[in-house]
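Below is one structure, written out as structure tokens; comments come after it.
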Amino acid sequence: MLRLNDILDRVQQYNPDADLDIIKKAYVYSAKVHQGQMRKSGEPYLIHPLEVAGILTQLKLDEASIVTGLLHDTIEDTLTTMDDITDLFGAEVAQLVDGVTKLSQLSANVSQEEKQAENFRKMIVAMARDIRVILVKLADRSHNMRTLEHMIPEKQKRIAQETLDIYAPLANRLGIGWIKQDLEDLSFKYLRPTDYQDLHERVEKKKKASEKYIEEVQAILRAKLAENNLSCLQVQGRFKNLYSIYKKMRAGGIEFDQIHDVIAFRLIMKSMPACYEALGLVHTLWKPLPGRFKDYIAIPKPNMYQSLHTTVIGPFGDRLEVQIRTDEMHRIAEEGIAAHWAYKEGRASGAGDDAKKFAWLRQLMEWVRGLKDPKEFLDAFKGDLFTDEIYVFTPANDVKSLPVGATPVDFAYAIHSDIGDRCVGAKVDGKIVPLRYKLKNGDTVEVMTSPNSHPSKDWLSFVKTSRALARIRGYIKEQQREQSLELGRNLTERELKRFNVSLNKLIKTGDFKKTAEALGYRTEEALLVAVGYGKVLPTQILAKHVPPEKLADKEAVGVPRPAEQEEGAFTKIINKVTNRSAKSGVRINGIDDALVIFGRCCGPVPGDPIIGFITRGRGITVHTASCDKVLATDPNRRIEVTWDVKPDFTRPVTLRIMTTDRAGMIADISTAFSQKGVSIVQANCRVTTDDRAVNTFEVKISNLKQLDELKNAIERIPGVIEVMRS
Ligand code: MN
């Protein structure tokens, strides 16, 4: 049984300056108020808070968290009040205890959602402010799962299901591997007792039978590393947790005996380059299975997990999974957020350095928010405990609920369409923020408006609510219609004028209306809009109003070639149809920041000669001048475009790099990228059967010169066979 002294010892070990007195005081207090209470197991209640605090010391958390662990049930289950906690242990602990208490209250009253709405909002805000609330709650749930046998079966199932649905994914999201595995295996045990028992026995049997095999594989790995003077901190051979094996069996519809990689071998290396070297050695030792190599070092998982994974055909012809990582990466894989906590705390200049601690907390929340897919993260917080909504306040303290990722623009439209349409800026908690700022729980938002302002197309890239999207799209559509009308009118007028026909006269006589109807449009205006969109060519209109023999006289019809343009007129038109605020990096006829789409076929980068193509209805696409696709099109619809880029402008480029399959290759290529200052968006490395590797990298390229230099640098790496831009 865990004792207070065990907890104090552990805390002192990882934090020699810790304030042990407050932990002792919390223990004494908890013992006093829980006096006489029993757990379902018949043990004194105090054991539970003590064990929870024990789990928190395994996560190496600070004193406030440990104290919260000891006190977490006092509000709920004893006569203790929040004021008592504040008086005795201070505001920080009180806030944490409050946060944990509210989480419990909420999960206990699932049916009273309405009543709990206000409480819920407060809770979310409290939690967003301090992640330790979640960590204490996870420790609480871990101990409850370990003692679940004392509950009635119905309750066991309900709690186990909730744990599997919410708490295990949460531990996974926070990167705390061991808690996630514990929670999964325990939930599995209560939800599917027969399957659990069966699998448990099989794995135990296999563990005994595999002892020798594991030792042999470890010995081969050690020898290979030593032979190459590569020092390795640890070679592990472990069975995966039961629930993950069970999930594999279920997913593949297969039996336990058919699962190949129930054992994971793990190499813990001294440095990151050593990981890649070790990977190379593993691949020379045993043949890798194509498509099974994953580089989570170059591209970490959202929960910060880093490791190299590969599956090879092992020494006995069976599949073998090897994970390679540094000891720091290993620690993060096991402890996740808690590891970062302890790590930063250890580096703080002194104990009780609140500013640093809170700076770190803020950083942590930034990290949580900065996850690539916040929806994925919040999906883990499902059920009644968490939602994917945030709650923000108006200056008058009204609450607005918005989806995660919502911006001040969403907020403005949530208040009133007119406020959305006219919004030019926003203040959050009194500070000016960009319109694309992602609102956080508890923010107080004030929208600044200007009577002459309009929705911008840029907003579409960041708004989250359907209300805002619909309003902005509606406005843009209307605006595009007006612009297209003007462009269509100008183009038609100019073409007709070349044959001394006046558009205005045609409209007055009603002839133009007939043309519109003949071409399938209800009104003259609709036809002109269609010309502006590129759906109808001016030549089609000319054909109705100019005799064919006259038309033949002048060969150049349709949109004039750039060289023949009367400068000014066309510029004005283009100016109208393009969105000047977009940072496209392309200039059309002297108009900077013209709104264009880059051809996916040729993917131009600054420095490539380019040409524009007027599409039917989708604006102007930009291709390289030599692109086959554009050369096959109507020359009359081409238009001169030039690069006009800002210093931070980049274009995505995909490079296919064919190499021999040698150790350290990927590390060398990655180094080349970073030396040229090129960031990798996506990477995919695949070893083909003939000892070749095909590596695809999507990178951000500033210009052609940088791309050429990068290609040269990669081509110089030994073992690189070909570098292709695709
Ligand atoms: Mn508890």
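The values are calculated or read from the model by the stated rules, or taken from the named source; none is laboratory data. Since this is a predicted model, take the numbers as computed values, not measurements. Methodologically, a virtual Cβ is constructed for each residue, glycine included, from the backbone with ideal geometry; neighbour enumeration extends over all protein chains shown. Areas reflect the complete protein model, heavy atoms only, side chains present, ligands, DNA and RNA absent. Shrake-Rupley method; radii C 1.70, N 1.55, O 1.52, S 1.80 Å.
Distances over 13 Å make up what percent of all Cα-Cα pairs in the range 228-274? Let's see the in-between values first.
Details: 682 of 1081 pairs.
So the pairs more than 13 Å apart make up 63 percent of the total in the range 228-274.
The accessible-area ordering, largest first, of the residues Met38, Met249, Met269 stands as Met38, Met249, Met269, per a 1.4 angstrom probe.
The distance from the alpha carbon centre of the range 193-257 to that of the range 506-544 is 74 Å, rounded to a whole number. Computed with a 1.4 Å probe over protein heavy atoms only, the accessible area of Ser210 comes to about 10 Å². Lysine pair count for the range 442-526 with Cα-Cα distance under 21 Å and sequence separation of 8 or more or different chains is 8. To the nearest 10, the accessible area of Thr444 is 50 Å² with a 1.4 Å probe.
Loop-located GluC sites (Glu not before Pro) in the range 21-76 (DSSP state other than H, G, I, E, B) with a sparse environment of at most 14 neighbouring Cβ atoms within 10 Å are absent.
Expressed as a fraction of 2.2 N^0.38 Å, the rule-of-thumb size for a compact globular protein of N residues, what is the C-alpha radius of gyration of the range 379-526? Write down the numbers at each step before the final one.
On the way: Rg = 22.9 Å, N = 148, 2.2 N^0.38 = 14.7 Å.
Rg over 2.2 N^0.38 Å, computed on Cα atoms: 1.56.
Order Asp661, Asp398, most accessible first, counting only protein heavy atoms with a 1.4 angstrom probe. Numbers along the way, then the final one.
Numbers: Asp661 45, Asp398 85 Å².
My answer, sorted largest first, is Asp398, Asp661.
At 0.36 nm per residue, minus the direct Cα-Cα distance, what do Asp83 and His416 gain on full extension? Give it in nm, one decimal, please.
Working: separation 333, 0.36 × 333 = 119.88 nm, distance 4.11 nm.
Gain on stretching Asp83 to His416: 115.8 nm.
Taking 31 Å as the limit for the C-alpha separation, the pairs Lys102/Lys180; Lys157/Lys205; Lys155/Lys180; Lys40/Lys60; Lys224/Lys247 exceed it in the case of Lys224/Lys247.
About the Cα centre, and with charges only on the beta carbon of Lys, Arg (+1) and Asp, Glu (-1), how big is the dipole of the range 194-339? Nearest 20 debye, please.
Values: 22 positive and 19 negative charges, 30 e Å.
It comes to approximately 140 debye.
Ligands, DNA and RNA aside, Ser65 has an accessible area near 0 Å² when probed at 1.4 Å.
Going by accessible area, probe 1.4 Å, with all protein chains left in place, what is the ranking of Trp178, Trp286, largest first? Please list the in-between numbers first.
Details: Trp178 50, Trp286 20 Å².
Of Trp178, Trp286, the descending order of accessible area is Trp178, Trp286.
Based on the Stokes-Einstein relation at 4 °C and a viscosity of 1.567 mPa s, and on the Kirkwood radius from alpha carbon pairs, the range 230-339 is assigned a translational diffusion coefficient of 88 µm²/s.
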